[in-house]
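The values are calculated or read from the model by the stated rules, or taken from the named source; none is laboratory data. The structure displayed is predicted, hence computed values, not measured ones. Don't worry about glycine lacking a Cβ; one is built from the backbone with ideal geometry, like all the others, and counts go over all protein chains shown. For accessibility, only protein heavy atoms count, side chains too; no ligands or nucleic acids. Shrake-Rupley method; radii C 1.70, N 1.55, O 1.52, S 1.80 Å.
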Amino acid sequence: MVAYVPPKQAGKYKAVASGAITNGKPVIVNSTGTVSQVSGSATSAGTSVVFETGVTESLGMAATFDSNSNRIVIAYQDGGNSNYGTAIVGTIDSSDNSISFGTAVVYHSANSNYNTASFDSNSNKVVIAFTAPADGTGKSYVGTVDPSDNSISFGSAVNFQAGARASHVSSAFDSNSNKVAIFYEDNGNSNYGTGIVGTVSGTSISYGSEAVFESAQVSAISATFDSSNNKVVIAYRDHGNSNYGTAVIGTISSTSISFGTPVVFESATTTGCSATFDTNSNKVFIAYDDHGATTQNAIIGTVSGTSISFGTAVAYETGVSTGNVLATGFDSSTNKVVVGYGDAGDSNKGKISVGSISGTSVSFETPVEFDAGATVPGYCEIPFDSNTNRLLLPYKDGNTDPAQAGAAVVIQTSATNLTSSENFIGLASGGTYADTAEATIDVVGTVNKDQSGLTAGQTYYVQTDGTLGTSADDPSVVAGTAISATELIVKG
């Protein structure tokens, strides 16, 4: 047998450390030319906090982030108080991923279904819209948050739809036109999909004329704003076309809205969907329930003019989720999309699945459990708090006493400084280095002798938390091949 002869130890690189670097750990090069140890954190959920002890209907729950006051506002149907429309304001603490709430405020003293909430960053107001079964109208209120005591006050109710009940209400704020757009199933017009544009002034809102986006019955409506193309994207279930998952583009001009041609994104019964916009990739992300399938899927949409095209669907959950109600959000601090859902394949436990968009596809991390009991997330977008770089997921908690209370959990998505094999340059060698010290790095082709517990002949990958592992992480970066328990040929 010919003995293995390791390569010469000539491939060493010296650079200034940015942050402390531990001997033998994977290292990246920064845009400044300094080097840093690979580091990161996994997706995690804080401790669930109950904001409403009464029964809180998931289909009547919504949330938005007020970037003026740096507060989260949750709107919900309070089953413990005659189903009154109620709102509560929360403050996220990023030090322990917790949230504290102010006192709940009733904005509508009657039954309030299908609540939706959006934040108008032009007027610094929260707009809550819903359907009011008592008088058969679609109503809305404008709210003002007071951060000093986590309170919210409201103006008077304004109808956005009168004469017949509006269902499956969703809304989005168009930051280009500074308008709030509301979308709904118009029960007074053959259940057609309909939209209307609102203009906030003070503590009130006025509306233009209704416009139909789908001349058939619709449900499971979810709207989001594409800030790259200045378009509103509406995802929904089209009952007039075999219940297929469908999306359409809306363009706001003054107080009116016009629509492009609807595009099918799922040619099967789609019983629930939720849309959000990724401002990093400038793509639309839609998670949905492909009814009858053994997976729960998501798909990426690209807006062009007044149309939208889609990539191939990707599963975010291989079991069957509750499907009908799920929530999505986007974390702009880590450029990750998030889906919250109840996993029917695992005792309806509350879970979150975090994904990264690349081109017209998305890859998901392993789902993370946030509640061991039966849960149903609110049928809304998961708001991102840009002040704390956290998301908040409101949901109906079946694990409380009494059951089905309104609860919320803070989410911190995974983050790492390892972007790809391009910024990984090797393994620290010769000792541990303090911040600003000159560090020595074993680069590609060099044998790093500062490891322990390796298996000879095994390929090792750089993990996003800075460790080495035998399976690829995301991104997939090869660290090298072990030739002994303490030696690794650096490959990159």
* Using a probe of 1.4 angstrom, how much of the accessible area of the chain is carbon and sulfur, in percent? -> 44
* C-alpha center-to-center spacing [segment 17-33, segment 112-189] in angstrom -> 50
* Asked: By the scheme Lys and Arg +1, Asp and Glu -1, what is the net charge of all other residues having a beta-carbon under 13 Å from that of Asp290?
  -> -2
* Structure fact -> Per residue, accessible area of the chain with a 1.4 Å probe, heavy atoms of protein chains only, in Å², comes to 37
* Show the residues, 5+ positions off or on another chain, whose built amide H is closer than 5 Å to the amide H of Tyr84. => Asp78
* Structure fact -> Per its Cα gyration tensor (rounded if a/c is under 1.5, else prolate when a/b beats b/c, else oblate), segment 18-80 is best filed as prolate
* Structure fact -> Spelling it out for Ala268: with amide H atoms placed in the peptide plane at 1.01 Å from N, the residues 5 or more places away or on another chain with amide H under 5 Å from its amide H are Gly245
* Structure fact -> Labelled set (1) 134; (2) 149; (3) 159; volume of the Cα convex hull per residue in Å³ computed from this model equals the value at (3)
* Asked: Which far-off residues, 5 or more places away or on another chain, put their amide H under 5 Å from the one on Gly426, with H placed in the peptide plane?
  -> Val27
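For the pair Asp474 and Val50, what calculated FRET efficiency results from E = 1/(1 + (r/R0)^6), where r is the Cβ-Cβ distance and R0 = 41 Å, to the nearest 0.05?
It comes out at approximately 0.75.
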* Asked: For segment 173-190, what does the Karplus curve 6.51 cos²θ - 1.76 cosθ + 1.60, with θ = phi - 60°, yield as ³J(HN,Hα) per residue in whole Hz, taken in order and with x for Gly and Pro?
  -> 9, 8, 6, 7, 9, 6, 10, 9, 10, 10, 10, 6, 8, 8, 5, x, 9, 6
* Full-stretch length increase - Ser153, Thr295 - with 0.36 nm per residue and alpha-carbon distance subtracted -> 46.9 nm
* If one computes the Cα centroid of segment 202-277 and of segment 82-107, what distance in Å separates the two points? -> 29
* To do: Round to a whole angstrom and tell me the spacing of the C-alpha centers of segment 421-490 and segment 337-413.
  => 34
* If the chain between Thr467 and Lys491 were fully stretched, how many nm would it gain, using 0.36 nm times the residue separation less the Cα-Cα distance? -> 7.1 nm
* If the label point is 7 Å along Cα→Cβ of Ser309, which residues in segment 249-270 have backbone nitrogen under 19 Å from it? -> 249-250, 260-267
* Asked: Counting other Cβ atoms within 10 Å of each Cβ, which GluC sites (Glu not before Pro) in segment 400-492 have at most 16 and sit in a DSSP loop?
  -> Glu422
